[in-house]
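Just below is one structure, and these are the notes that go with it.
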Amino acid sequence: MFQTSAKTFSVLAATASAYRRVFLVGLRRYCKKTSTKLRVSEALSGAQLGADVKGWVRSVRPQKNNIFLHVNDGSSLQSLQIVADAKLNDPLLTFGSAVEVTGILKKSPHQKQPVELEAEQIRVVGECNPVNFPFKIKKRHSLEYIRQLPHLRCRTNAFSSLLRIRSEATAAIHSYFKNNGFVQIHTPIITSNDCEGAGELFQVEPSGPATVDDESFFSVPAFLTVSGQLHLEVMAGAFSRVYTFGPTFRAENSQSRRHLAEFFMVEAEISFTESLEDLTKVIEDVFRSATERVLARCAEDVDLFHRHVTPGHRVSPDGRSISYTEAIDILHRSSEKFTFPTDWGCDLMTEHEKYLVKHCGNVPVFVTNYPYDLKPFYARDNQDHPKHTAAAVDLLVPGVGELCGGSLREERLNLLMDRLKRVGLEDTYNWYLDLRRFGSVPHGGFGLGFERYLQCVLGVDNIKDVIPFPRFSHSCLL
Ligand SMILES: NC(=O)C[C@H](N)C(=O)O
């Protein structure tokens, strides 16, 4: 009896295993035929059975019977683990090579990696000679090192995380404005105005002979924009709440860790705004909502930064507000030896900004009501003699200094005209005066440097490490 049942059992077992094999071969064929093209992030969610994944090899571990690969396509920080039979190994399968892998997604026994792809086929799409490839497997390259390789640095974990965060922050900022009734305006890149009046302009001219009549191309001097503010003010006169988010340019001869010749600025202009508090509230809200979304949706990428690149960094969205006059008092009372003067009327320099942020407990600090003469012609006069101030505000943040600047705009025709007359710009800005002649309203706006915002959130020391292709004096690589 026992013998018979053992025999029956072994027959049944053999049949079952034959069926299993047939089933698996069938399943594999099916998967190969029906494999779905997946991004690594989708494959990691394990929703599909048969998968076709393309990306770049981040690690290769050949073993006796198997070969293990990690493939990344930029869709997430995590790479997908690939397990393949050793016979699929190929000498061209190296760190950095581009591959296409087809196979079956399976649950993985490893906690950190919920699924892995059992490869049926691996195709090397683009080889990568590991000897010449400037990145080495398993090595953490410094931001300074990868900065020298602007065409390749997006292949590193740190920089691809940064660029995903940058993309999410961009979307978050657009969402904030969309959800709060702002209209997006594409302000021009080429303009004939120097909004800030600081003269840090790049002039635009064609590279060849300009026009047949030998005039300059636009017939007036034209520049790359330093700020979209004045164009936004035009639009705020019709849409009430407008914003722009695009590249701006400053011909500042600086190689500092906070300056770029081309940077992205988030600018908003809000009609019917009568107090600086209303303005700082919007700045705070933009900062808070973008930061909360980035921290929630890019948790892994942010964590990578805070663990390996900028350890110990924390971002605090809750800030303080002090007036310029209080700021000067604080600087006077400090025992610090400053290089630049700290008298009332002097501009706050980086050393002062740093000190003020530290003094206020390393949180964002709004400094309000600057001396009138320090601010451009558009800033609203507080008419508060003898200490004459303008309703302007700067937001200073830890590690970065000035992140954002804004003001109420002078909406009173006579005051604005007088000021423009004094600086000889009355004719140039006649169109701007029209905005005050025809339905002028109290309004205000601000500009927030997007790269400085990223520096602040991630704790990145050098602004060149938060923009895909940095441009600064003596450097325009690629
Ligand atoms: N839109 C703004 O208020 C920014 C300001 N015009 C600046 O460039 O600093």
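The values are calculated or read from the model by the stated rules, or taken from the named source; none is laboratory data. Because the structure is a prediction, the values reported are computed rather than measured. Heads up, the Cβs are rebuilt from the backbone with ideal geometry, glycines too, and the neighbour counts pull from every protein chain shown. The area values use the complete protein model at the heavy-atom level, side chains included, leaving out ligands, DNA and RNA. Shrake-Rupley method; radii C 1.70, N 1.55, O 1.52, S 1.80 Å.
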Test PHE135 against the criterion of being part of a loop (DSSP other than H, G, I, E, B), out of contact with any Asp or Glu (no Cβ under 6 Å at 6 or more places or on another chain) and open to solvent by less than 30 Å² (accessible area, probe 1.4 Å), and give yes or no. yes
Give me the pairs: first residue in the stretch 338-354 and at negative phi and surrounded by fewer than 17 Cβ atoms within 10 Å (Cβ to Cβ), second residue in a helix (DSSP H, G or I) and of a type in the set (D, E, K, R), beta-carbon distance under 6 Å, and six or more apart or on different chains, which are they? PHE338/GLU351
Counted residues, the stretch 225-246 - those being within 25 Å of the chain's Cα centre (by Cα) and open to solvent by 40 Å² or more (accessible area, probe 1.4 Å): 2
Kindly establish whether SER59 is of a type in the set (Gly, Ala, Ser) and outside any strand (DSSP E or B). no
Can you pull out every residue in the stretch 250-289 that is open to solvent by 40 Å² or more (accessible area, probe 1.4 Å), assigned to a strand (DSSP E or B) and within 13 Å of the ligand (Cβ to nearest atom)? PHE264
Could you tell me whether LYS112 is part of a loop (DSSP other than H, G, I, E, B), surrounded by fewer than 19 Cβ atoms within 10 Å (Cβ to Cβ) and at pLDDT below 95? yes
Considering only the stretch 416-473, state which residues are closer than 13 Å to ARG257 by Cα and basic (Lys, Arg). ARG452, LYS464, ARG471
Can you spot a residue in the stretch 408-421 that is within 15 Å of the ligand (Cβ to nearest atom), assigned to a strand (DSSP E or B), within 26 Å of the chain's Cα centre (by Cα) and in contact (Cβ under 8 Å) with a residue 60 or more places away in the chain? no
State yes or no: is ALA222 surrounded by fewer than 12 Cβ atoms within 10 Å (Cβ to Cβ), under 30 Å from HIS174 (Cβ atoms) and more than 11 Å from the ligand (Cβ to nearest atom)? no
Out of curiosity, is ASP301 in contact with a helix residue (DSSP H, G or I) (Cβ under 7 Å, 6 or more places away or on another chain) and away from the ligand (no atom under 16 Å from the Cβ)? yes
